[in-house]
Each structure stands twice: as C-alpha cells, then as structure tokens.
Amino acid sequence: MTHQPHHGPAVASDGGSVRLRLDLAYDGAGFRGWAVQPGQRTVAGLLEESLATVLRTDVPRIRSGLVVAGRTDAGVHATAQCVHVDVDQESLARAGGTVGATRRLRSLLAPEVRLTAMAPAPPGFDARFSALRRHYRYRVCDDPAGPDPLRRHDTLAHPRPLDTGLLTAASRQLLGLQDFAAFCRRREGATTVRTLLSYVWSREPDGTVVAQVTADAFCHSMVRALVGAVLPVGDGRAVMGFPLEVLLARRRDPRVTVAAAHGLTLVAVDYPDDAGLAARAVESRARRDD
C-alpha cells in the first residue's frame, strides 16, 4: 500500500490554505484501484485531475495535499469513501467557494464516481489518521444460476452452497488485536497488526450471502484474504479451525484463495466528534506507518 503523506493543519496559520473534506462513492470496475499509477485509470488520478481543473492549479499541487481514508484495490467499490485535500483559499474563492467548486467538480467526474458532499473540514481532521473504524461489505451468490445480472459487478459467484452459521463461527476466531501478516500483502517496515472488531455473515432476502467486516484499519488485500479463508469452511471444504491456523502461522498460505475484488465495497468510515479528531490522528500515527 502506497504511503499517503500528511500535510499541515486544517487551515494554514497564514490563512492561505483550507482543508476540505470530500465524501465519495464509486463503482470500481473501471479503475485500477484508488492510488495513482502511471498510465492507469485510477480514482485518485481522476479526482486529482478534476480538482486541478476546478481550482485552476496543477495536479502535483493537488496530489501533495490529498489523503484518503482507505486505499481500495483495483476493482473494489465504495459507497462512503472519505478524502481530505488542502487547497489554496484564493483558488477556492475563484471557483465560487465550496458551493461553486462542488457543482463544477460533479460536472467533471466520470459517471462511475459520485461526490456526495464537499465542505471545509473541522480543525484537526485527517481523513486517514482521524478514522476510528472502516466498514466493508462482501457479497457472494451461491445460487447455481448465478447472481442477479444487475449485481454482477459487485457480487461474487460461488459454485457451492454456503452455510452462514459456519461462516460466522469461522470468522469469529479472527476477531481482536492480531498480527494479520497471513492476510496482508507485506510492505517493508509496515506493521500488519490490526484490530478486527466485527466479522459476521448473513443471508439477504434475495438469497445473497453477505459479510460485514469492521476493523480499526485494513492492510493491502486483507478483507479479501479474510473472505477467502472462511469460504471453504462455509461450503464444507475446510475444517472450522482452518482460518485460525492460517492466522497463527503469520505468513501467506497458498491454500487461501484471495476473494475476487469486485465483491468488495467500502461502506462506511467512522470518525470521532470534532473535539476528538486531532487526538485520534496523533494516536493512529504513533501506532501505524502504513
């Protein structure tokens, strides 16, 4: 996962910049993930280019102040992604203030990306480090006929019947403060310790099997690996203790197939009230550098 730098306070001491909070939703099918990659279509790349056009500035200047709550992988969706960006106050004023800039930005973004809100961030807000929890959803269809065609871009087709009771029981073994090295793509010098707060499965009225996964933070490919570790338990191919065995080994296990990206959606990011934003950012930054 590419490091996202932190840049300055919500409003610069000289009054020259302002931090904006942006709330986004996107269909990740047509993107190579969130993070900018040379020659690839990414959500951050599109957002940076659009913001630069609205504010009449250059992309590198936008990029230097853009921070996201959760860097989604290629093909992963979001209904509630959160971003902050530090922008020049004069540029924002020329764009018609927050209201005018919001209207113009919405007109420039691709149809797959929706700007739900943009407003000045409260003091101390950091989209990444102020976050308390991230919530993801993973959708699986075990109907032999396959998923509803209208949901094919956000639902995994699974070839075997699944037992949600077995899935939840297997998932429960992974909860708490753990080293999730077995479920993360390693990055030099970065910690793989996370707190998995909730991991439960249910069957929706339409028959879709859905996982709801919540943690303080996730490392690269972690949710998809967590799903891949318990699906074999849910369909009877693995014993109940398999996911815990993988966790305790603290290394990637070739028996775990990382679930496909398109079934995963970031659905919420939780923040403390305004008074606790700065303290939470300091706490998170001290504990984690990835």
*Could you tell me whether the stretch 251-270 includes any residue that is out of contact with any strand residue (DSSP E or B) (no Cβ under 6 Å at 6 or more places or on another chain) and of a type in the set (S, T, N, Q)?*
yes
*How do the pairs read when you match residues in the stretch 63-75 that are within 18 Å of V267 (Cβ to Cβ) with residues anywhere that are of a type in the set (F, W, Y) and in a strand (DSSP E or B), using Cβ under 9 Å and keeping only pairs 6 or more apart or on different chains?*
G70/Y136; T72/Y26
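Return the only residue of V256, V230, V239, V210 being in the same structural domain as T192 (by TED's automatic domain parsing), crowded, with 21+ Cβ neighbours inside 10 Å and at pLDDT 95 or above.
So the residue among V256, V230, V239, V210 that is in the same structural domain as T192 (by TED's automatic domain parsing), crowded, with 21+ Cβ neighbours inside 10 Å and at pLDDT 95 or above is V230.
Across the stretch 106-142, which residue is surrounded by the most Cβ atoms within 10 Å (Cβ to Cβ) among those that are polar (S, T, N, Q) and farther than 18 Å from L277 by Cα?
The initial filter retains those residues of the stretch 106-142 that are polar (S, T, N, Q), namely 107, 116, 130.
If we keep only those that are farther than 18 Å from L277 by Cα as well, we get 107, 116.
Numbers: S107: 10, T116: 12.
In this case the residue turns out to be T116.
Among the residues of the stretch 60-100, count how many are touching a strand residue (DSSP E or B) at 6+ places or on another chain (Cβ under 7 Å), over 30 Å from A259 (Cβ atoms) and not in a strand (DSSP E or B). Don't jump to the end; show me each part of the working.
Residues of the stretch 60-100 that are touching a strand residue (DSSP E or B) at 6+ places or on another chain (Cβ under 7 Å), as a first pass: 62, 65-70, 72, 76-89, 92, 98.
Keeping just the survivors that are over 30 Å from A259 (Cβ atoms) gives 62, 65, 85-89, 92, 98.
Remaining after also requiring not in a strand (DSSP E or B): 62, 65, 89, 92, 98.
Of the residues in the stretch 60-100, 5 are touching a strand residue (DSSP E or B) at 6+ places or on another chain (Cβ under 7 Å), over 30 Å from A259 (Cβ atoms) and not in a strand (DSSP E or B).
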*Could you list, in sequence order, the residues of the stretch 78-114 that are of a type in the set (D, E) and over 19 Å from the mean Cα position of the chain (by Cα)?*
D86, D88, E90
_Output for the stretch 255-274, where each listed residue is more than 17 Å from G70 (Cβ to Cβ) and out of contact with any helix residue (DSSP H, G or I) (no Cβ under 9 Å at 6 or more places or on another chain)_ = D273, D274
_Looking only at the stretch 144-157, filter to residues that are surrounded by fewer than 20 Cβ atoms within 10 Å (Cβ to Cβ) and either of a type outside the set (D, E, K, R) or at pLDDT 95 or above (or both); which one of those is nearest to A249 (Cα to Cα)?_
A157
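The values are calculated or read from the model by the stated rules, or taken from the named source; none is laboratory data. The model shown is predicted, which means the values in this text are computed figures rather than measured ones. Don't worry about glycine lacking a Cβ; one is built from the backbone with ideal geometry, like all the others, and counts go over all protein chains shown.
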